[in-house]
Structure formats: structure tokens, C-alpha cells
Amino acid sequence: MPRPIVHLIPHTHWDREWYLPLGALRARLVAMVDDLVALLGREPSIPGFLLDGQSALLDDYLALRPERRALVDDLVRTGRIDTGPWYILADEQIPGGESLLRNLALGRSFAVGPGGSPVIYSPDAFGHPAALPAIGREYGLRYAVVWRGADPGHFLGKDLGWWRAPDGGRVLTYHLPPDGYEIGSNLLVDDGALPGAWARVREAVLPRAATRHIAVFVGADHHAAPPDLASLPERLRRVDSTVEFRLTRLPAYFAAVEEVAGPLPEFEGELRSSYGYTWTLQGTLATRAPLKRQNGAAELLLTRQAEPLAALARLWEDGSAAVLRQAWREVVSCHFHDAICGCSSDLVARAVTVRLDDATHAGEEIVRGSLQAMMGHDPDLARTGGGAPARLAIWNGAARARGGVVLAEAAFFVRDVLVGPPGGRVPRQGPGFAPFTLREVASGMVVAPQLLSIEPALERRDARRHYPDQDQVERVRFALPLPRSLPGFALRLMEQVPGGAEPMEEFAGAAARRVWNGRLVATVEAEGTLELEEPVSGQRYPGLLRMESELDRGDTYSFCPVAGDRPVTSRTRVRPVVRAAGPLVAALSWRGQLVTRVPADARRGGRVRWDHTIELVGDTPALRVRVALDNGAKDHRLRLRLPTGLTRGRVRAGAPFGWVERGVVRSRRPRGEWPVATAPAHRWVAAAAGRRGLALFAPGLVEYEWTASGDLLVTLLRSVGELSRAELPSRPGHAGWPTPTPDAQCLGPDLVELGIAPITAQELDAPARLEEIWEDLFVPPLTRWERDPTSLPVPPLPSVELEGAGLVYSACLPGPERGALELRCFNASTEPVEGAWCLGLPVVRASRTRADGALIAPLAIDPATPTRVPFTAGGREIVTVSLLFAPV
């Protein structure tokens, strides 16, 4: 019988920032890579060293060692340094699906061989989404390495299996042993200790081997390559002659396995349960929740505004690709699992906030410039012009036509703000706000706005060839009905017309404790909860939005309840205030507070205050909810409870490129890490049975719990003060280095945006409909007001609309050449769908591609309908289409 072959895979796991900030760990990285480069130069027998699957480490190294660029490039090109496919080893449950694809795109900056690393290397992420195999295949990745979250039962106790994505595609997956990626570091001992060390490693890896090829990762957190690494195989041969030992690159190990592997276990779905095997650490989903909300807002800005607007506005000229790429680099660099999970020092969390701020401001600049270009506005010419009526640009960022009510802001000039020595300058004066209506430039149709608020503000207008123009203004928030349906990705211009008028049509209203439109009635109950009613079906949902606090003695990794504690709720009677009475927008707000229970050693309890605002815009089927928090309490978990009245029913939650169905997690508290009842949801989570159901929507990620009694709980905050605590009943033992994290108490103000809508089981079975409701809530038509507009000619721009029941728009990106676009969607249904992209301009070339640009197949275009590109999407499949428009 052939001898087992142990593939010793040298590596380091490098937490780019964790208990120490980036600067400290980067200094240590330089020393580690210096030693590695020297070792590889001395020892040609070492085939390669795995640099943790994240090319950001080489960016960090070369930022300080630029003179070594050629040497490093050569080591990467020959495979002596294995890097990628990721830019950052992300937590894969918190970023959106498009962010994971951008992560892989940036990882290609240091490709290993032609086409890059073929392995989805994820040795320490705290769980994995069901779509990860499909996401990897978009970059040609055929293999995967996982640890946390993977149930050994999926692999039938062996080390290999086929992980199948929702679309049916699969990747060959290696499951790390319970000791994880650091098991081989136990072999880095002297000759006297090596027999015992190998015996322990052998016992852990050989019985679970599915083939004669066995992977043993040699390295650990922040470990440099040992200087005697090249001698390790020979030293082990002297200890155990029944096994063949090889230093191996990870791709070579998978190639050897694939060649001899017989039938292997096959499994599907998300990987979030490795309890009893290794820590799963699902408590991080709500740690530093405000940071996660900031990340979700940045992702939403880049994917749904900056990228598509840059792609359209610069279709026929050089675009904003460099700025977009850097903005994505800033966002993706925040996704390292210890950073975005919040299980890091406060210094790291603050640095993440700064990077997300930088990316957000870059995205806003792209949006501003793109909208100005699309509306023919030149800020430099506007300085010398003046006198033209103000214009409002309305851009529909959905790949479908939309009508209804749009929210916008206008600025009315009051006074110049002079900067610098005034000299003889006299500030201009203006009249400020005056009643107005809006006229559509193309059709001449006039609409009247509903004024929502008028506030004093400052406005700075920038131009490339002038100093900023800073003004005192009156900022007016208003709503207006679209006079005509607006095609997908189309821009419409409205012009200010002096004089007020009554709005044309009544959509919504508010009075006392109630807001309503034709679809929903929301009533504020006496103690500050909410009843939502659907008049047509007669379904009522009382007791929504109840705020609850419970003690949390855990750390940044794990929630830990306090024995005997029960949630504290607010029972204060509230008095709602009408913020908008209709006819286009109706809104109420009210205030509440609760005093939390605190651990016995605390001197006094903490207080949590909030302002709830509910809003109905037009005839929307969803209620908008804003929760302005002021958290004054420590060591607690704050959640919103939404009773659905469903004792039976199915629950689905949005996920990267699709959805996942989950049930109730039954409470059990075994020895070791306790399974959690909470789970992640991207964009929405919904429960329904028959004609009754409720969906909750959020801009990005939320943590939720579904209870056996039919309640949906949404986590707003976890307030904790230690990176890691040792003796938690819910997770005995330290998960990280003990470090105080006072910022993780999340004290002070925060804003949470949500949406609520009644649904039916039929809608739950059609997730694309839930995606549309989410889109209307959090990707409404985008507006821009220009006080002194210019009207330069602009080239014709395409509209973009997606056909096909069940298909969900995902991305619009600039193509590799002028006149090119890349469009992506996913099929939310389990059956194949015949779809099409409908454009406002003729297309001369189209093809199915992967996300990395690799050609799958050309797409035929009917000469009679050159603005329509048909394609077929398999069940749950991600589909990328690259197209080129005819020159204009």
C-alpha cells in the first residue's frame, strides 16, 4: 500500500491589525518578510511560502521597502511567495457580496502565476456564506480552505469534501483540523522533542485523511519562517519512515489530491456551526455595531451610486477608475476579520472609522462630479454665469423604471461667507427661501413639492479653477411626485419655477398617533410601541419596536448573559409629534428611554434614550423607521423586538448574492462554547405563513434572532469593555489577548435606519420582490440641486433595465475600454430564468464573463433590437455581462 504523503505547507497567519494597530504589526511584518526573502534566497529547496492568502501584506511591505519591488515580483511570479487570492482575509459574513468580489479583484494586484491562486484561502474567518464557492469561481478559484464555522459532519469526519454553492457549482474544500492552521507549528522543535510532537500531529491528521495526501500547515499567528525550515522533511523522515514528507505549495497539494481523490462527501449551505470542534465566534456580528453600520453605508454608496454613475458619466472618456479603486481599497482593507468584526483594540477601530470616512468622501466626490457631468453642469462656468433658474437632477439608481414620490433638498442663497482678509469686499445678499414649483425640462410638466423642513445651513460650492464659494443658505427638504415614470439608470432634470402651488395628489397623511397611505396604517401605541396594519388584508401587527436591554458580561467575541437576568423594557407613555402631515410624505416622531440593569459591582445603572421616527413616502408598501440612539449604559445588549404573531412559519434572510433559510436555534448550553441564537442578515430578514408575515429591512448587515414564539429581535448594540475575557460561561478560555476596549461600549449617539413591511408566504417565496422593497427604501432616486446651473451638451447616455422574474440587479461597473459597461445580477429563484438587459443605446458586442473578465461565451444580439441583450441565468446563479455600445 502506498505510503501517506504529508505535505508540509510553510505559512504565516498575519493579523494585519488586531490587539495592536497596523503601524506596529507592519513594522514586524517588514522584519518577517526581510527574513523570508533571505531564507528563500539561501534555500532553493523550499518551493514556496504561503503569505496568508492576502496580497495587502506585500503592499504593506513594499510601501516601506520599495527598493525590493523587482525581487518580490520575481518571487511571486515563480511561486516562491504564495499570495492572494484575497487582498484582505475578510470576515465573509459582514461585507456584502460585491465587496467580496472587489476584495478578490484587488488581490490580483499580486497574481501567483497565470490567473492567480486557485484557492479560496480562508483559515480564520468566523463563518462563511453559502455563496462563497460561487464567489470564488467568479475568479477561477477551484479549491477552498476553511476552519471556523465548518461542521466536521459535513466532511463525514474526513479532511476533504465538495462544497456546493446554491447555483450547483462546487469547490474542493480542505477542512483544517481542530488545531487549525497552526497545527504544524508544533513540529518546530529540536530533535529530542520532535518524535513526541510528530506523534501528536500524526494522531490528529492521519485518521481523518480522505486520500494519501495530507496537508499540515507549518506556521502560526505572526510567526516568521524558521531558519532551518528546509531541513524539516528530512528530520521528520528520520522520526517516521512510514510517511513521506514534502515541503509543498498549497496549489500543488490540491493538484495532487484532485488527481487521486475518489468519491468525497458533498454538502451545501453556509458554514456557521463548528461548536465542539473549534470556536465559531458568532458574537462578533453585533460587536461595535455602529462601525458595521458605517461600513454598510460605505458599501452602499460605492456599489449603488459611485460605481454606476462613474460608469455612465464617463462612458465615452477616461473615467474615475483610479479613485474608485482606491476607495474600494480603503473599504476592503477594513474587512479584515479582526477589524470589521470589532474584536480588536480601540486604536484599530478608530483607524477603520477613518478609512471608511476617506472612502465615503471619495465616493461622494465621484457622485457629485458624475451627476454634474450628466446634467451638463460645469462649476467653473457657473462662477462667471448666473441668472439661470436652479435645476434639480433626479437619477434612478435602480435597474427598473420607477415612479412615485422623491425626497430632495434645495439650497436658497442668503449671504456670502467671506474667507481671508475682507479688504474692500462686500458680501452678496440674497432673499433666502421663496415658495417654488418645479417644471420638468423635457416635457414642461409642472409639479408642486411638499415642504418638509427649512433650516439655516452652510453650503460650499467647489470648482477646479476657483476657490470654494462658501455661502449661508436656507436648506429646504421637500418631496415631489415624479410626473412620469423614470427609466432605470436614467437622469431627469427639473427646473425651479417661482411661486407655490398645492401638490397634485394625496398619497399619505399623518395626525395625532397615526400615519397612513393606501397600503399601510401605523399607530403609535401608548407605551411607545407600534401597531402596523395592512387595511386590504386586515392583518395587524401590534407591539412592534419595543426596546429591550439585557446584561452582557461577554467580550468582543462572544455574548454572555448573566444568570437570572431578564430584559428591561421601556414602559414610559409617549406623545408623538407630527413631522410631516402629507400629502406626499407622512411622518411622526416620539421619544423614549429605559434604565438598564447593571452588574452587581456597578455603582449605578445606565440610561438609554432614543427618538423614533416613522415615515411613509408616497404609496410605498414599507414603513421607514429611524432610531436616533443615545446610549449611556455599559455591559448590555440593546435590541428591538418585533412580534409577528407567527407560531409556525418559515424565515429567510438576505445573504451575499441571495438568501438563506433558517429556523429557530434551540437554547442549549454545553460545556465549551455555547451555540448562539442570533444570525446575520444582509438587507432583509422575513418570516411568513399564509397571508401573514413581516419583513425587516436594513441598509447593510444586521444581527437578528427568530424565537419559537414568533418574535423577531434585531440587535442595535452590544456594549462590552474587553477584547477578550477568559472565564465566560458561554466560551471558557481567551479568544484573543486581553485588552481593555472602552470604545466598544458604544456610548453616545448613533443612528439606525430600518424598514418594516407586512408580507405573505408567497412574497417570501419570491425574494426578488423583497429585494425591490429594500431597494426602494435604501436606494431611492438620487437628487442634486444646482443653484446656478449651466447647460453644456452631453453625449447620449444609456438607460439600464433588467428583465426576468427573479433576477436581482447587483452591479454596474466601468468596462475596460471606452463605451463599455459590465453589468451583474443574480437569480434569486431556484429555477433558470430567461433574462435580458435593456439599454437605451444600441450594443455592438456582448458576452457572458466571469467577474474577473474571463470570457464564458459571446451573447447574440438581434439586429432588429440592438438595445436588448438576452441571457439565461441558472437557478441562484451570479451572471456578469460585458457589453460595448456603438460609438456616438
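Remark: pairs (first residue in the stretch 429-455, under 27 Å from ALA587 (Cβ atoms); second residue open to solvent by less than 10 Å² (accessible area, probe 1.4 Å) and among the aromatic types (Phe, Trp, Tyr); Cβ separation under 6 Å; 6+ apart in sequence or on different chains) = PRO449/PHE478; LEU451/PHE478; LEU452/PHE478. When VAL808 is tested against (1) crowded, with 19+ Cβ neighbours inside 10 Å; (2) touching a residue at least 60 places away in the same chain (Cβ under 8 Å); (3) not in a loop (DSSP other than H, G, I, E, B), only condition (2) is not met. Annotation: of all residues in the stretch 641-651 being out of contact with any Leu (no Cβ under 6 Å at 6 or more places or on another chain) and not polar (S, T, N, Q), the one that is surrounded by the fewest Cβ atoms within 10 Å (Cβ to Cβ) is ARG648.
Among the conditions (1) within 30 Å of ARG579 (Cβ to Cβ); (2) open to solvent by less than 30 Å² (accessible area, probe 1.4 Å); (3) among the charged types (D, E, K, R), ASP416 misses just one, which is (1).
Within the stretch 813-840, the residues that satisfy the criterion of being assigned to a loop (DSSP other than H, G, I, E, B) and at pLDDT below 95 are GLY815, PRO816, GLU817, ARG818, GLY819, GLY840. Only one of the numbered conditions (1) in a loop (DSSP other than H, G, I, E, B); (2) at pLDDT 95 or above; (3) not hydroxyl-bearing (Ser, Thr, Tyr) is violated by GLY276, and that is (2). In the stretch 318-348, of all residues being modelled with pLDDT of 95 or more and in a loop (DSSP other than H, G, I, E, B), the one that is farthest from the chain's Cα centre (by Cα) corresponds to SER345. Applying the condition of being open to solvent by less than 80 Å² (accessible area, probe 1.4 Å) and assigned to a loop (DSSP other than H, G, I, E, B) to the stretch 258-273 and asking which residue is farthest from VAL119 (Cα to Cα) yields SER273.
Which members of the stretch 420-460 meet the condition of being in a loop (DSSP other than H, G, I, E, B), touching a strand residue (DSSP E or B) at 6+ places or on another chain (Cβ under 6 Å) and open to solvent by 80 Å² or more (accessible area, probe 1.4 Å)? Correct list: ARG428 only. Taken together, the criteria place THR211 among residues that are part of a loop (DSSP other than H, G, I, E, B), at pLDDT 95 or above, crowded, with 18+ Cβ neighbours inside 10 Å and not acidic (Asp, Glu). Apart from one condition, VAL568 fits all of (1) in contact with a strand residue (DSSP E or B) (Cβ under 6 Å, 6 or more places away or on another chain); (2) closer than 29 Å to ASN517 by Cα; the exception is (2). Residues of the stretch 575-588 that are crowded, with 17+ Cβ neighbours inside 10 Å and either over 28 Å from GLU550 (Cβ atoms) or among the aliphatic types (A, V, I, L, M) (or both): VAL578, ARG579, ALA580, GLY582, PRO583, LEU584, VAL585, ALA586, ALA587, LEU588. Counting only strands (runs of 3 or more DSSP E) wholly contained in the stretch 463-579, the ones carrying 3 or more residues that are within 30 Å of LEU839 (Cα to Cα) and in contact (Cβ under 8 Å) with a residue 12 or more places away in the chain occupy 466-481, 491-498.
Among the residues of the stretch 857-880, are any part of a strand (DSSP E or B), open to solvent by 40 Å² or more (accessible area, probe 1.4 Å), within 24 Å of GLU771 (Cβ to Cβ) and not charged (D, E, K, R)? Yes, some residue in the stretch 857-880 is part of a strand (DSSP E or B), open to solvent by 40 Å² or more (accessible area, probe 1.4 Å), within 24 Å of GLU771 (Cβ to Cβ) and not charged (D, E, K, R).
Filtered by the rule that a residue be more than 17 Å from GLY654 (Cα to Cα) and under 20 Å from the mean Cα position of the chain (by Cα), the stretch 793-821 gives CYS812, LEU813.
Checking each residue in the stretch 745-766 for being more than 23 Å from ARG641 (Cα to Cα) and within 23 Å of the chain's Cα centre (by Cα) picks out only ALA766. When we screen ALA526, ALA463, ALA501 for residues that are over 32 Å from the mean Cα position of the chain (by Cα) and open to solvent by 40 Å² or more (accessible area, probe 1.4 Å), the only hit is ALA501. Taking the condition touching a residue at least 24 places away in the same chain (Cβ under 8 Å), crowded, with 17+ Cβ neighbours inside 10 Å and among the β-branched types (Val, Ile, Thr), does VAL201 pass? Taking the combined requirement at face value, the residue does not satisfy it. Quick check on GLU727: is it of a type in the set (Asp, Glu) and under 22 Å from PRO699 (Cα atoms)? Spelling it out, it is not the case that GLU727 is of a type in the set (Asp, Glu) and under 22 Å from PRO699 (Cα atoms).
Of the residues in the stretch 160-169, how many are farther than 18 Å from VAL260 by Cβ and open to solvent by 20 Å² or more (accessible area, probe 1.4 Å)? Residues flagged as farther than 18 Å from VAL260 by Cβ and open to solvent by 20 Å² or more (accessible area, probe 1.4 Å) within the stretch 160-169 amount to 4.
Annotation for the stretch 700-717: no member residue is open to solvent by less than 20 Å² (accessible area, probe 1.4 Å), part of a loop (DSSP other than H, G, I, E, B) and touching a His at 6+ places or on another chain (Cβ under 8 Å). From the list GLU234, GLU268, the one residue that fits, being in contact (Cβ under 8 Å) with a residue 12 or more places away in the chain and acidic (Asp, Glu), is GLU268. For the stretch 27-44, the criterion of being closer than 30 Å to PHE826 by Cα and crowded, with 24+ Cβ neighbours inside 10 Å is met by no residue. For the stretch 18-45, a tally of residues being in a loop (DSSP other than H, G, I, E, B) and touching a Leu at 6+ places or on another chain (Cβ under 6 Å) returns 1. Could you tell me whether ALA298 is touching a Pro at 6+ places or on another chain (Cβ under 7 Å), assigned to a helix (DSSP H, G or I) and surrounded by 24 or more Cβ atoms within 10 Å (Cβ to Cβ)? When the stated conditions are applied, ALA298 does not pass them.
Looking at LEU381, LEU315, LEU309, LEU392, just one residue is buried (at least 17 other Cβ atoms within 10 Å of the Cβ) and part of a helix (DSSP H, G or I), and that residue is LEU309.
Taking the stretch 612-640 as the search range and keeping residues that are among the charged types (D, E, K, R) and open to solvent by 40 Å² or more (accessible area, probe 1.4 Å), which one is nearest to ASP552 (Cα to Cα)? Checked the stretch 612-640; the qualifying residue nearest to ASP552 (Cα to Cα) is LYS634.
Let's see how each residue does on (1) more than 22 Å from ALA286 (Cβ to Cβ); (2) of a type outside the set (D, E, K, R); (3) modelled with pLDDT of 95 or more:
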position	(1), (2), (3)
GLY84	yes, yes, no
TYR87	yes, yes, yes
ASP91	no, no, yes
PRO95	no, yes, yes
LEU104	yes, yes, yes
ALA111	yes, yes, no
PRO118	yes, yes, no
TYR121	yes, yes, yes
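In the set (1) in a loop (DSSP other than H, G, I, E, B); (2) closer than 30 Å to TRP837 by Cβ; (3) of a type in the set (A, V, I, L, M, F, W, C); (4) open to solvent by 30 Å² or more (accessible area, probe 1.4 Å), the condition left unmet by LEU407 is number (1).
The values are calculated or read from the model by the stated rules, or taken from the named source; none is laboratory data. Everything numeric in this text was worked out from a predicted model, so none of it was measured. Here Cβ is always computed from backbone atoms with ideal geometry, including for glycine, and neighbour counts include all displayed protein chains. Just the protein is used for accessible areas: all its heavy atoms, side chains included, with ligands, DNA and RNA removed. Shrake-Rupley method; radii C 1.70, N 1.55, O 1.52, S 1.80 Å.
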